[in-house]
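Notes follow the structure.
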Amino acid sequence: MTRLSRRGLLQTGAAAGVLGAMGTRTFGASHSEPKRGGTLRMGIAGANTSDSWDGRTHSDSYMIMMAHGCVFDCLTEVNAAGELVGELAESWEASPDAKVWTFNLRQGVTFHNGKPFGADDVIESLQMHVAEGAKSAAKPIVSAIAEMKKMSDHQVQFTLEAGNADFPYLMSDYHILMFPAGQVQEAIAGGIGTGLYKVESFDPGVRTVVSRVDSHYKDGRAGWFDSIEAIAINDSTARMNALMTGQVDAVNRVDFKTEPLMRANPNVMIFEVTGNQHFTFPMLTNVAPFNDVNVRKALKFAVNRQELVDKILLGHGAVANDHPIGPANQFYARDLPQNSYDPDKAKFHLKEAGMENLTIDLSASDAAFPGAVDAAQLYQASAGAAGITINVIQEPADGYWSNVWLKKPWCACYWSGRATEDWMFSTAYEAGVPWNDSQWDSEDSARFQELLLLGRAELDTDKRREIYHEMQAIMSSEGGTIVPMYANYVDAASSKLAHGPDIGNLWQMDGSRIAERWWFA
Amino acid sequence: MGSVARIILQRLVLGLLTLLVVSIVIFTAVNMLPGDFAQAILGQGATPEAVDAIRKDLGLDQPLVVRYFDWLAGALRGDMGSSFAQANFASFVGAEAGERVTVLDQIAPRFSNTMFLATVTAAIAVPISLFLGVLAALYRNSVFDRAANIFTLTSISSPEFFLAYILILFLAVLNPVLPSLSNIFEGMTFADRLEKTLLPALTLTLVVTAHMMRMTRAAIINLLASPYIEMARLKGISPMRVIVRHALPNALAPIINVVALNLAYLITGVVVIEVVFVYPGIGQLFVDSVKIRDIPVVQACCLIFAAAYILLNLMADILSILSNPRLRHPK
């Protein structure tokens, strides 16, 4: 039913932040002047009966849209155009080594229960993620902070363990929501934040209603609806039906198969963006034959990427280039030479590795990404022409992430991507991190690992661009992961709705902030 | 009447035994599925440490037998525990055991929604089936009989979701008279709730009518060959009266049984309909819980389902005994 919605998707991925990247500009939609009013009814996939307002547990789109996108705020925000702007923080500055960060907080902000927002709230909200026994997905971010100091009621200073130029971006992560200090438990139980909408009713996995607060610091630039009703509809046919029959005004995750029918309906508009979400085939590079860079190169030329985009994503995606940095990242290397299907080159590299032909197993399950097994079979067919025999092993979906991923030498996987280059690389490609699914830390990755550390502490944008471009180039030609494609976010709304000139591409539904940014025309 | 009381008691004891067996079967079956709660809830983030931590929190590291008897001891005290999802979450925010949302808290609203749907469906389907059944028996082998048979058999033979989509097409898309989304919630007026429930109830009516109608028809026709019916006919009683007054009371036992069976189905077997219409019933909760291997919820749901079958069958048996003087006064 909700294959893309699996908890893993978000857990592994996607927080906010598109460093100066490109929100997708859409033409044709009516760009009327925003106006207040109306109830936005949404049919949202990715809801669970175990949902709560605890940002640490959020991993699926429903709660991200309701908490991050309606009820709570973060310190920073990535806007629809992909730029980092302040949310509860007004401004911030770093020491030259990017180790000490000072955030100036917005004044006059109150929580929904009337408590004023200040420095204490920031510190306590961050400490939640490293509390004893807390299994927060944002723990690596917060545990990198050595010290948090309250400078005044509206100024906080963070001292990091090591310099990190991306720190303000990390503060836009949807897990790191601002809760009222001393009332965290009540706030988690009832959903008390500083956001544009306050909770009216919340039935986990079924329905949530939130209403606009009377006055808010975003007045005049966001929050146009009077109230939002979010109905959990995990079944994709039911969700599409609900939009087509006008029961809801917007739905996420449009079913690719019915997308043409919806496009033909004049009352429905489809909005589609290419972000950082990508599907991968990681190889364990410490296991033969993948320890041979020539074998890896041969496999990179043995896959027909365009065919995968056309047949697995039905065109709703883009060809990727064997590195995890996507079009929503600031330093995405657009002009990198594209690895493409070339059986002769694959044969050549195989010969370099001293082999005439090669037989390998590829483990796949649709738990990895929708259509993963079909994708593996297409790979099998295209690799055959290069003398590479791929045995596709269909693994059970249950327990896939525990028993296959990180365990089998070659398997299918997906990543929803990260807002920043360093975040993505340090999650899955830095030597020694737990999710390193290609284990690429041998001699031949030395330069890559060195650049990773250099880039993190570098504040100069041009130098960072150079560093990250080089890292993408190295991964693309020698890395241990095949990244054949980026998968688009495809959502749909009633044509009664209108939106600004840009649609965020960091996450589905306009960066999960449709409730803030859209209005009834 | 003493014999009826004894039968009820006997059946109730047997029913409890059945529930015990069901609970054992479900417990082992869920455990035999690949993956467990910790792996399911963590997904891609299932590092060995995180999996171990959750297993330890929830006691999943204990042997199967120990866990079962822990659960059983709680259940016998009426404490169905907290779902794994809630227990895991509570350990997260440091909530006390007493503050946790229990399985019963979670199930109660869903179960009452399911009962509402079942009641609405039964209120439509049972009278229609009996009425059609009697008419079909009365005009057996006529065009009406054939038409009713073909229609109900076609609808029972089609997959539920297909019927649901057909009804949505005709009643929600082409002629928007009913909402295709049945997201009922607390605080709705009864009329709203009824309107939202109507489409799933109509779909289920199509699913269950054939069974009840054909049983009514068959039971009545079976009796029509009896001498006492012939006697009634010879007395010159009208065919309608023969059936309603003379045949139907004697055909009640099998009809009650098949009605009970279908009511039990309405309580336990409507997951597909719930998904198609986004109806927040117990079926969806059950399927979600199986998906994440949340054993306390799965167990509670299964016990409710099993109890529904047992009680409805018991009720059917009692009603058939009461409707039949020969059974009421055994020699």
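When the range A:117-137 is filtered for residues that are more than 14 Å from residue A:181 (Cβ to Cβ) and not in a helix (DSSP H, G or I), the ones remaining, listed by number, are A:132, A:133, A:134, A:135, A:136, A:137.
Take the residues of the range B:228-276 that are closer than 15 Å to residue B:121 by Cβ and outside any helix (DSSP H, G or I): which is nearest to the other protein chains (Cβ to nearest Cβ)? The residue in question is B:270.
Based on what the data block shows, is residue A:431 among the small types (Gly, Ala, Ser), in a helix (DSSP H, G or I) and either surrounded by fewer than 17 Cβ atoms within 10 Å (Cβ to Cβ) or away from chain B (no Cβ under 13 Å) (or both)? Criteria not met by residue A:431. Among the residues of the range A:221-239, those identified as within 14 Å of chain B (Cβ to nearest Cβ), touching a residue at least 24 places away in the same chain (Cβ under 8 Å) and not small (Gly, Ala, Ser) are A:229, A:231, A:233, A:234, A:235, A:239. Residues that are surrounded by fewer than 20 Cβ atoms within 10 Å (Cβ to Cβ) and among the charged types (D, E, K, R) within the range A:460-512 comprise A:460, A:462, A:463, A:465, A:466, A:470, A:478, A:496, listed in sequence order. Within the set B:297, B:258, B:208, B:270, the sole residue that is outside the structural domain of residue B:141 (by TED's automatic domain parsing), surrounded by 17 or more Cβ atoms within 10 Å (Cβ to Cβ) and touching a helix residue (DSSP H, G or I) at 6+ places or on another chain (Cβ under 6 Å) turns out to be B:297.
Out of the range B:138-168, which residues are over 26 Å from the mean Cα position of the chain (by Cα) and within 14 Å of chain A (Cβ to nearest Cβ)?
Residues of the range B:138-168 that are over 26 Å from the mean Cα position of the chain (by Cα), as a first pass: B:138-147.
Once the filter is applied, which keeps residues that are over 26 Å from the mean Cα position of the chain (by Cα) and within 14 Å of chain A (Cβ to nearest Cβ), the range B:138-168 yields nothing.
Against the test of being more than 14 Å from every other protein chain (Cβ to nearest Cβ), surrounded by fewer than 19 Cβ atoms within 10 Å (Cβ to Cβ) and modelled with pLDDT of 80 or more, the options B:33, B:64 yield a single qualifying residue, B:64.
When A:190, A:205 are screened for being out of contact with any Pro (no Cβ under 6 Å at 6 or more places or on another chain), assigned by TED's automatic domain parsing to the domain that holds residue A:115 and over 30 Å from residue A:496 (Cβ atoms), only A:190 passes.
Based on this model, can you work out whether residue B:28 counts as part of a helix (DSSP H, G or I), under 30 Å from residue A:404 (Cβ atoms) and more than 9 Å from chain A (Cβ to nearest Cβ)? Before the answer, list the steps.
Working: part of a helix (DSSP H, G or I): yes; under 30 Å from residue A:404 (Cβ atoms): yes; more than 9 Å from chain A (Cβ to nearest Cβ): yes.
Criteria met by residue B:28.
Kindly state which helices (runs of 4 or more DSSP H) lie completely within the range A:305-414 and contain at least 3 residues that are out of contact with any His (no Cβ under 8 Å at 6 or more places or on another chain) and touching a residue at least 40 places away in the same chain (Cβ under 8 Å).
Working: elements: A:305-311, A:343-352, A:372-384, A:400-403.
Per the criteria, A:305-311, A:343-352, A:372-384.
Filtering the range A:119-175 to residues that are in contact with a helix residue (DSSP H, G or I) (Cβ under 6 Å, 6 or more places away or on another chain), within 19 Å of residue A:423 (Cα to Cα) and hydrophobic (A, V, I, L, M, F, W, C) leaves A:126, A:130, A:137, A:138, A:141, A:142, A:170. Just one of (1) within 11 Å of another protein chain (Cβ to nearest Cβ); (2) crowded, with 24+ Cβ neighbours inside 10 Å fails for residue A:246. It is (2).
Here residue A:219 passes the criteria (1) within 18 Å of residue A:63 (Cβ to Cβ); (2) surrounded by fewer than 18 Cβ atoms within 10 Å (Cβ to Cβ) except the one numbered (1).
The values are calculated or read from the model by the stated rules, or taken from the named source; none is laboratory data. Remember, it's a predicted structure, so these values are computed and weren't measured experimentally. Methodologically, a virtual Cβ is constructed for each residue, glycine included, from the backbone with ideal geometry; neighbour enumeration extends over all protein chains shown.
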